[in-house]
Amino acid sequence: MIRPIMTNRMFLSLPSSAATAADAQTAQDLLDTLASLDEAACLAANQIGVAKAVVVYHDEDEQPHVMYNPVLKQALGAYKTVEGCLTLEAESKVTRYERVKVVYDELVDGALVSRKRDFTGWTAELIQHMIDHCKGKLV
């Protein structure tokens, strides 16, 4: 189901709770909402009013991916950039990393399975933005 974008800064500033396999509908709502938005590349559950650590993003090939409980474990190659956000009007200057290692869960046959993966470039930047959302950090 397509959900409205949350803009309440107080809500968005709260850290998200850990997600479980029971949050599969939230993941689907995120995918549906992201697909409905022009030029959006990623979305976190708190941006649709759900305080759970679930995020979705499109990779460089425009393929959607879901992560439950993503955690940044390693970051290399710091750089400064300017990012926009669906929930904020102004762009923000941030420090991001060219290469990141992320530990996250993936829903497989109704259960969360732990994964670890390296990301680079644009995808790494999107994931860092979403992890910030899960922490309640607004860029």
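Numerical summary
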quantity: Cα-based Rg of the chain normalised by 2.2 N^0.38 Å, two decimals; calculated: 0.96
quantity: Under Karplus coefficients 6.51, -1.76 and 1.60, residue-wise ³J(HN,Hα) of the range 95-108 in Hz, glycine/proline x; calculated: 9, 10, 10, 5, 10, 9, 10, 10, 9, 7, 10, 10, 7, 10
quantity: Spin-label model distance (nm) - residue 75 vs residue 115, 7 Å beyond Cα toward Cβ; calculated: 2.1
quantity: Cα gyration tensor shape of the range 87-139, rounded if a/c is under 1.5, else prolate or oblate by comparing a/b with b/c; calculated: oblate
quantity: For the chain, calculated [θ]222 nm from helices alone, where every DSSP H run of n ≥ 4 adds -39500 (n - 2.57); calculated: -7000 deg cm²/dmol
quantity: Spatial separation of Cα centroids for the range 3-59 and the range 70-96, in angstrom; calculated: 17
quantity: Cα gyration tensor shape of the range 1-40, rounded if a/c is under 1.5, else prolate or oblate by comparing a/b with b/c; calculated: oblate
quantity: Derived scalar couplings ³J(HN,Hα) [the range 28-41; Karplus, 6.51 cos²θ - 1.76 cosθ + 1.60; whole Hz; x for Gly, Pro]; calculated: 5, 4, 4, 4, 5, 5, 4, 4, 7, 9, 6, 6, 9, 10
quantity: Per-residue ³J(HN,Hα) for the range 64-72, Karplus 6.51 cos²θ - 1.76 cosθ + 1.60, θ = phi - 60°, Hz, x for Gly and Pro; calculated: x, 9, 10, 10, 9, 6, x, 9, 6
quantity: Kirkwood Rh in Å, taken over all unlike Cα pairs in the range 29-102; calculated: 13.7
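Quick note: the coordinates plus some simple rules give every number you see, no bench work behind them. Only a predicted model underlies this, so the values are computations on that prediction, with no experimental measurement involved. Because the Cβ atoms are built from the backbone with ideal geometry, glycine has one as well, and the counts that use them run over all protein chains shown.
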